[in-house]
Amino acid sequence: MSIPIICDCDPGHDDAIALILALSRKELDVKAVTTCAGNQTPDKTLNNALRILTMLGRSDIEVAGGATKPLACDLIIAPDVHGESGLDGPELPSPIFQASKLNAIELMAKTLQASEESITLVPTGPLTNIALLLSAYPHLHKKVKQIVLMGGAAGVGNWTPAAEFNIFVDPDAANIVFKSGIPIVMCGLDVTHQAQIMDEDIERIRAIPNPIAQCVAELLDFFMIYHRDPKWKFEGAPLHDPCTIAWLLKPELFETQDCFVGIETKGEYTQGMTVVDRYSLTDKQPNAKVLFGLNRQGFVDLIVESLMFYNK
Ligand code: RIB
Ligand code: CA
């Protein structure tokens, strides 16, 4: 029985690879794709989702654009990481289909309403759309099985010393989501910084004989550029968003801990921080399963194995 999911994303190189991974597997049933502003402006992230699905031959999947800015903050984007288009690097086709006439929140609500079974939401960008959905459709909370999100960190941030990008962009939305009571799996930097793809892994991917794998190799070539900065002390590039899909496919690759996670929405230095109570120092009940450990080789092998499914 495949797991029904909705991907809410801000493609973005790692979002794109997460989508490619999800759509290669029969264990997952991608019901809809929604986009938000984050890595790039909302028009570009929407266009990028349409381009990726066009490349995959999946114009059957409904795609809708969502919030054009965070709930309360001004939008920040990440062109240094993802380039002017948001998917710089490979040649991607122009979309052959239009986005839905619905917005992301309406499409998620329609999909949840129509589904007999509850659906897993997989947000890999700022949580603006998810927060708007939960606020506008409280009666649909019971149709959300869990939220498997990329965001946050128990340790240091990657956009400020205290905050990870997705949460920093819209801390108010994250606060709504983490207080919703819906089961959350948090793929934060603690695990995604272990999910580094190395040069030799990229060459393994480039050797896979299909055009999708070639595109992923070229996405990774570009994604590596930003992460080769010695300040990160990385050997490779951290594949953040694909960790959400890898968790759904092979949770045994990960070590987890149920923790209370609070979102700092103010704070001169700490806005957007996910405060993770690892040692139960507060009286607050855990509201998230936080991923901490990863079998990196198993993660890379899963990506390589999945990309081979695109061999004709
Ligand atoms: O901090 C990493 C996250 O921010 C990833 O989701 C990346 O795509 C960007 O959105
Ligand atoms: Ca993302």
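The values are calculated or read from the model by the stated rules, or taken from the named source; none is laboratory data. All values derive from a computational prediction rather than experimental measurement. Cβ atoms come from the backbone with ideal geometry, glycine included; neighbour counts cover every protein chain shown.
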Quick check: anything in region 53-60 buried (at least 20 other Cβ atoms within 10 Å of the Cβ) and closer than 19 Å to Ser2 by Cβ?
-> yes
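Each row is one residue, and each column tells you yes or no for (1) within 19 Å of Lys289 (Cβ to Cβ); (2) within 13 Å of ligand 2 (Cβ to nearest atom).
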| site | (1), (2) |
| --- | --- |
| Lys142 | no, no |
| Phe165 | no, yes |
| Phe178 | yes, no |
| Ile184 | yes, no |
Enumerate the helices (runs of 4 or more DSSP H) found wholly within region 189-267, keeping only those where 1 or more residues are within 16 Å of ligand 2 (Cβ to nearest atom), at pLDDT 95 or above and buried (at least 22 other Cβ atoms within 10 Å of the Cβ).
-> 189-192, 211-227, 242-249
Note: among Asp201, Asp221, Asp190, just one is farther than 28 Å from Pro90 by Cα, touching a residue at least 60 places away in the same chain (Cβ under 8 Å) and of a type in the set (Asp, Glu), namely Asp190
Conditions (1) buried (at least 19 other Cβ atoms within 10 Å of the Cβ); (2) more than 14 Å from the chain's Cα centre (by Cα); number of the one not met by Gly181 | (1)
Among the residues of region 112-153, which ones are assigned to a loop (DSSP other than H, G, I, E, B) and within 14 Å of ligand 1 (Cβ to nearest atom)?
-> Thr124, Gly125, Pro126, Leu127, Gly151, Gly152, Ala153
Assess whether Asp74 counts as being among the acidic types (Asp, Glu) and surrounded by fewer than 24 Cβ atoms within 10 Å (Cβ to Cβ).
-> yes
Which listed residue is closer than 17 Å to Ala213 by Cα and away from ligand 2 (no atom under 16 Å from the Cβ), from Ser2, Ser24, Ser59 = Ser24
Here the residues within region 1-36 that are of a type in the set (A, V, I, L, M) and within 10 Å of ligand 1 (Cβ to nearest atom) are Ala16, Ile17, Ala18
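Go through region 226-244 and give me each residue that's touching a strand residue (DSSP E or B) at 6+ places or on another chain (Cβ under 7 Å) and either farther than 13 Å from Ile197 by Cβ or of a type in the set (D, E, K, R) (or both).
Glu235, Asp241, Thr244
Counting just the residues of region 159-188 that are among the hydrophobic types (A, V, I, L, M, F, W, C), in a helix (DSSP H, G or I) and within 14 Å of ligand 1 (Cβ to nearest atom), which one comes out farthest from Leu75 (Cα to Cα)? Can you show your working first?
To start, the set of residues in region 159-188 that are among the hydrophobic types (A, V, I, L, M, F, W, C) comprises 159, 162-163, 165, 167-169, 173-174, 176-178, 182, 184-187.
This time we only want the ones that are in a helix (DSSP H, G or I), so: 165, 167-169, 173-174, 176-178.
Then drop every residue that is not within 14 Å of ligand 1 (Cβ to nearest atom), which leaves 165, 167-169, 173-174.
On the way: Phe165: 12, Ile167: 12, Phe168: 10, Val169: 7, Ala173: 13, Ala174: 15 Å.
Once the filter is applied, the top-ranked residue is Ala174.
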Going by the conditions given, is Asp14 under 16 Å from the mean Cα position of the chain (by Cα) and either over 30 Å from Glu117 (Cβ atoms) or of a type in the set (Asp, Glu) (or both)?
-> yes
Restricting attention to region 52-79, the residues that are over 23 Å from Ser135 (Cα atoms) and among the charged types (D, E, K, R) number exactly 2
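Count, please, the residues in region 189-223 that happen to be within 24 Å of Leu248 (Cα to Cα) and in contact with a helix residue (DSSP H, G or I) (Cβ under 9 Å, 6 or more places away or on another chain).
21
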